[in-house]
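The values are calculated or read from the model by the stated rules, or taken from the named source; none is laboratory data. Keep in mind that what you see is a predicted model, and the values were worked out from it rather than measured. Heads up, the Cβs are rebuilt from the backbone with ideal geometry, glycines too, and the neighbour counts pull from every protein chain shown. Areas reflect the complete protein model, heavy atoms only, side chains present, ligands, DNA and RNA absent. Shrake-Rupley method; radii C 1.70, N 1.55, O 1.52, S 1.80 Å.
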Amino acid sequence: MQELIPEAAIQRRIEELADDINRDYADVGLLYLVIVLRGGCFFGIDLAKRLKMPVRLDYIRVTSYSGDMSTGVVSLVSDIKTDIRDHPVLVIDDIVDTGFTMGWILQFLALKRPGSVRVAAFLDKPSRREYDVRLDYVGFVVPNVFVAGYGLDGLDDTMANIPRIMALGEFEGEVRVPTRQESFPSAPA
Ligand code: IMP
Ligand code: MG
């Protein structure tokens, strides 16, 4: 087990993402945040605290994962309670791995006819992608290794409270911060 992203780097990066979101949604009176449970809660709350516009905070809980093998089968455990129809929605999750979970959530929320939907993912593991999803705000791109901490459960679901990101196992490559253009092609340079 090895530290992959230190606590201070996480907090600095979240401030940058909040700056981007504050700028992009400057004209929006009320932003609807949908945090994906359980993993997205640390990132979602830390990010929400730094947003300047009023927000409506809600949660969706889905399950798709057993152990460190993604099944691709997603099911709804608990739906949001807020009416998002015609409103701008930002979906917030811990990590996009195969993409099945976020893909499913986006299709599910689309049925509620929101005004717009964007995605903020704390971590992106593109090497594992099987289902293409557009990520508008990404904290860090991580190599192909199982990670834990900062809301993400590790082995036996015991590691979510660690305030930094740990890698569980050997890996090649390194963590990087995506450029704004990369995660959000339509963004101003
Ligand atoms: P996906 O459907 O494969 O994209 O994975 C979605 C969910 O699996 C994420 O929201 C996480 O909750 C969990 N997950 C994927 N990779 C990891 C990991 O490396 N560590 C902990 N949880 C993970
Ligand atoms: Mg998750």
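General remarks:
- Of the residues making up segment 1-11, those that are buried (at least 19 other Cβ atoms within 10 Å of the Cβ) and farther than 16 Å from ILE45 by Cα number 2.
- Segment 50-82, residues that are of a type in the set (Ser, Thr, Tyr) and either modelled with pLDDT of 90 or more or open to solvent by 40 Å² or more (accessible area, probe 1.4 Å) (or both): TYR59, THR63, TYR65, SER66, THR71, SER75, SER78, THR82
- Residue match in segment 13-21 (condition: touching a Gly at 6+ places or on another chain (Cβ under 7 Å), more than 13 Å from TYR137 (Cβ to Cβ) and not in a strand (DSSP E or B)): no
- Hits in segment 12-29 (condition: of a type outside the set (Asp, Glu) and open to solvent by less than 50 Å² (accessible area, probe 1.4 Å)): ARG13, ILE14, LEU17, ALA18, ILE21, ASN22, TYR25, VAL28
- Residue among GLU182, GLU130 that alone is under 27 Å from ASP27 (Cα atoms), open to solvent by 50 Å² or more (accessible area, probe 1.4 Å) and either touching a strand residue (DSSP E or B) at 6+ places or on another chain (Cβ under 8 Å) or outside any loop (DSSP other than H, G, I, E, B) (or both): GLU182
- In this structure, PHE43 does not satisfy being within 16 Å of ligand 2 (Cβ to nearest atom), open to solvent by 50 Å² or more (accessible area, probe 1.4 Å), of a type outside the set (S, T, N, Q) and touching a residue at least 12 places away in the same chain (Cβ under 8 Å).
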